[in-house]
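Asks: The structure follows.
The values are calculated or read from the model by the stated rules, or taken from the named source; none is laboratory data. Since the model is a prediction, treat every value here as computed from it, not as a measurement. Methodologically, a virtual Cβ is constructed for each residue, glycine included, from the backbone with ideal geometry; neighbour enumeration extends over all protein chains shown.
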Amino acid sequence: MTSATDLWELVAQRFDPPTKRWDSPADMADELDPKHRRAPVIDYINDRLVDLYNRPDSRMILSVPPQSGKSQLAARRFALWALTQNPDTRIAIASYEMGVARRWGRTIRDDIRQNADKLGMLKVRDDVSSQSEWMVTGYQGGVYSVGVGGALTGRPVDLLIIDDPVKDAEQAASKTYQERLWDWWNTTAQTRLSPGAPVVVIQTRWDQRDLAGRLLAENGDEWEFTNIPAKADHRPEKGETDPLGREPGEYLRIPSGRNRAQWEQRERNTSPRTWAALYQGRPSPDEGGVLPKTDDWHRYTHPMWTERGDGVRHLPGVGARDDHELIQSWDLTFKDAKDSDYVVGQVWLRIGSTVYLIDQVRERMNFTTTIDAIKRMHARYPQAYGILVEDKANGPAVISMLRSEVPGIIPVEPQGSKYARANAIAPYVMSGNVVIPETSLLPGAGDLLEEAMNFPNAAHDDTVDALSQAVKALLQDRIDGGIGQIIEPDEYEDDALIAGAW
């Protein structure tokens with residue numbers, strides 16, 4: 001039972017101003033957090049959020065590069081500031097997964113508890129105070145956190161903040177995820193909005209069909225859209241301006257303080273397609289750009305091997321130095337038809353942090369000719385102690401057949417889509433850590449360049465698949481870091497047992 005004293009305290013809270021009314025989220029953050037840093041991009045987003053809050057039914061999309069402080073301001077500071085303006089505000093924060101949204105809910109809740117002296121009567125209810133859902137004592141307002149695709153049934157929303165609805169390139173490229181996200185917006189998110197509720201979508205762009213792109217394409221007249229590129233690329237001669245007033249070519253100043261040299265390195269080591277989408281906010285159609293253009297690949301012009309009369313090749317340093325590794329990487333298909341994909345086998349050498357394409361076979365083969373090709377490659381490069389074979393489609397059949405004859409077979413479980421795998425290794429190619437031979441040394445290098453230039457829309461992508469598999473193993477995972485279990489020939493098993501016993 002509520003006592004008379006408790007009742008009068010609740011009544012007093014309804015009439016007593018609950019908090020100090022800061023003019024903006026960033027002004028509030030300056031006072032609450034001594035580590036808060038301002039930058040032109042933060043000031044711009046701050047002004048836009050205040051404008052959004054003060055206009056009923058407003059809809060806003062802000063496209064901002066990663067690590068610019070956008071989520072701290074839009075999800076954390078803006079939500080708390082809105083409660084200081086009106087503690088009855090029912091806020092929903094959505095992100096690409098529940099864990100991320102819940103983290104924002106917990107952080108805002110803890111901000112209130114840790115700043116009780118500055119936030120006046122704004123307090124969290126004891127009985128509704130979880131990380132994912134909490135309410136303000138004596139008021140209807142609070143924060144509910146939800147992952148994209150999660151339920152909002154029975155929860156009226158007075159302010160909806162959608163922060164980074166897409167996790168990564170793989171999600172962005174997934175038509176299934178795109179449709180699920182769009183269905184969630186149409187059937188769940190917008191149906192819970194109260195009359196007058198503003199909505200902000202603040203994200204890094206990934207794809208033309210991501211949530212921001214879809215909203216603009218289908219309901220563009222309802223949404224205000226601002227893109228803040230990492231590098232100002234407007235055309236003054238055409239009357240274009242930059243949202244922050246920068247000169248063309250000027251990089252973004254962010255709270256963490258990345259300087260021009262660091263920005264230039266980031267741009268240099270990022271594929272053109274990724275830079276255009278994530279950093280410039282202008283995702284391009286699926287027509288290449290993941291990997292460099294033909295002339296931008298790093299090349300070598302002299303053989304890195306010596307060859308014996310019987311065709312066996314020797315690469316100095318392999319087996320004698322820890323910073324030298326030699327492997328094979330195979331992408332397999334068995335149709336042997338004119339329109340089928342190719343079987344591709346590549347040999348890669350790692351020296352330190354750089355990998356070199358040494359050899360490549362690319363042919364349409366059936367099962368038998370594929371087995372023979374792998375054996376021939378093994379005979380030509382006996383120093384290649386790891387033979388990577390994708391453990392999908394036809395891979396298991398090859399692994400089963402060769403495990404008793406060829407040492408070092410490594411089944412590799414592919415992670416993510418072809419696009420995601422290529423995108424993950426693209427920075428190594430862009431930064432010169434992947435080097436291929438001139439076509440005078442290896443004519444097949446031209447096939448790799450052709451497929452890479454048009455990936456992911458090339459007619460074939462088998463050389464890119466083999467490339468991605470090898471670079472991931474040698475530079476991302478390292479061959480000894482657990483990419484797979486080496487399967488030795490059966491005839492070695494008894495010797496291994498004897499050695500172990502000895």
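Asks: Select from region 348-386 the residues that are touching a Ser or Thr at 6+ places or on another chain (Cβ under 8 Å), part of a strand (DSSP E or B) and in contact (Cβ under 8 Å) with a residue 24 or more places away in the chain and write down the one among them that is surrounded by the fewest Cβ atoms within 10 Å (Cβ to Cβ).
Replies: R362
Asks: While we're here: Which condition does L10 not pass, out of (1) part of a helix (DSSP H, G or I); (2) at pLDDT 75 or above, if it passes all the others?
Replies: (2) is the only condition that L10 fails.
Asks: Okay, moving on. Report, ordered by the first and then the second residue, all pairs with beta carbons closer than 9 Å, sequence separation of six or more or different chains, a first member in region 299-316 that is assigned by TED's automatic domain parsing to the domain that holds P382, and a second member that is surrounded by fewer than 11 Cβ atoms within 10 Å (Cβ to Cβ) and outside any loop (DSSP other than H, G, I, E, B).
Replies: Once the first residue is assigned by TED's automatic domain parsing to the domain that holds P382 and sits in region 299-316, its partners that are surrounded by fewer than 11 Cβ atoms within 10 Å (Cβ to Cβ) and outside any loop (DSSP other than H, G, I, E, B) give R313/T306; H314/T306; L315/T306; P316/T306.
Asks: When residues of region 453-466 are filtered for being within 20 Å of the chain's Cα centre (by Cα) and modelled with pLDDT of 80 or more, how many remain?
Replies: So the answer is 3.
Asks: Determine the pairs where a residue that is without any contact (Cβ under 8 Å) to a residue 40 or more places away in the chain, located within region 319-333, has a partner that is in a strand (DSSP E or B) with Cβ atoms under 7 Å apart, the partner being 6 or more residues away or on another chain.
Replies: D323/I351; H324/V318; H324/R350; H324/I351
Asks: Just to check your reading of the model, which residue among D336, D295 is farther than 30 Å from L62 by Cα, acidic (D, E), modelled with pLDDT under 90 and not in a helix (DSSP H, G or I)?
Replies: D336
Asks: What do you reckon, is V157 within 18 Å of W81 (Cβ to Cβ), of a type outside the set (S, T, N, Q) and either surrounded by fewer than 19 Cβ atoms within 10 Å (Cβ to Cβ) or at pLDDT 90 or above (or both)?
Replies: Criteria met by V157.
Asks: Please state which of the following conditions Q262 fails to meet, knowing it meets all the rest: (1) surrounded by fewer than 18 Cβ atoms within 10 Å (Cβ to Cβ); (2) over 30 Å from A452 (Cα atoms).
Replies: Of (1) surrounded by fewer than 18 Cβ atoms within 10 Å (Cβ to Cβ); (2) over 30 Å from A452 (Cα atoms), only one is false for Q262: (2).
Asks: Being in the same structural domain as V143 (by TED's automatic domain parsing) and at pLDDT below 95 is true for just one of D33, D47. Which residue is that?
Replies: When all the criteria are applied, what remains is D33.
Asks: For region 168-285, list the helices (runs of 4 or more DSSP H) that sit wholly inside it and hold at least 3 residues that are under 22 Å from the mean Cα position of the chain (by Cα) and either β-branched (V, I, T) or over 30 Å from S145 (Cα atoms) (or both); which are they?
Replies: Helices (runs of 4 or more DSSP H) meeting the threshold: 260-268.
Asks: Hey, another quick one. Yes or no: I498 part of a loop (DSSP other than H, G, I, E, B) and either at pLDDT below 85 or crowded, with 18+ Cβ neighbours inside 10 Å (or both)?
Replies: No, not satisfied.
Asks: Follow-up question, since we're still on this one. Residues L474, L448: which one is more than 20 Å from P407 (Cβ to Cβ) and either at pLDDT 90 or above or surrounded by 14 or more Cβ atoms within 10 Å (Cβ to Cβ) (or both)?
Replies: The conditions single out L448.
Asks: I've got another one for you. Return the residue satisfying two criteria in turn: it lies in region 413-437 and is of a type in the set (A, V, I, L, M) and crowded, with 21+ Cβ neighbours inside 10 Å, and of such residues it is farthest from T270 (Cα to Cα).
Replies: The extreme case among them is I436.
Asks: Write out, first by first residue and then by second, each pair whose Cβ atoms fall under 7 Å of each other, whose residues are 6+ apart or on separate chains, and whose first residue, in region 423-444, is free of Cβ contacts under 8 Å to residues at least 40 places away in the same chain and outside the structural domain of A172 (by TED's automatic domain parsing) while the second is surrounded by fewer than 18 Cβ atoms within 10 Å (Cβ to Cβ) and of a type outside the set (V, I, T).
Replies: So the pair list comes out as T439/G446.
Asks: I'd like the full set of residues that are within 30 Å of Q85 (Cα to Cα) and charged (D, E, K, R), limited to region 160-190.
Replies: Selection gives D163, D164.
Asks: Additional query: Residues of region 61-92 being over 23 Å from the mean Cα position of the chain (by Cα) and either acidic (D, E) or under 20 Å from A277 (Cβ atoms) (or both), which ones?
Replies: D88, the sole residue that qualifies.
Asks: Separate question: Spot the failing condition for W182; the list is (1) under 18 Å from Y419 (Cα atoms); (2) free of Cβ contacts under 8 Å to residues at least 60 places away in the same chain, and only one is missed.
Replies: Looking at each condition in turn, W182 falls short on (1).
Asks: List every residue pair whose Cβ atoms sit under 6 Å apart, with the two residues 6 or more apart in sequence or on different chains, where the first one lies in region 92-106 and is closer than 16 Å to T204 by Cβ and the second, anywhere, is surrounded by fewer than 17 Cβ atoms within 10 Å (Cβ to Cβ) and among the charged types (D, E, K, R).
Replies: Once the first residue is closer than 16 Å to T204 by Cβ and sits in region 92-106, its partners that are surrounded by fewer than 17 Cβ atoms within 10 Å (Cβ to Cβ) and among the charged types (D, E, K, R) give Y96/K167.
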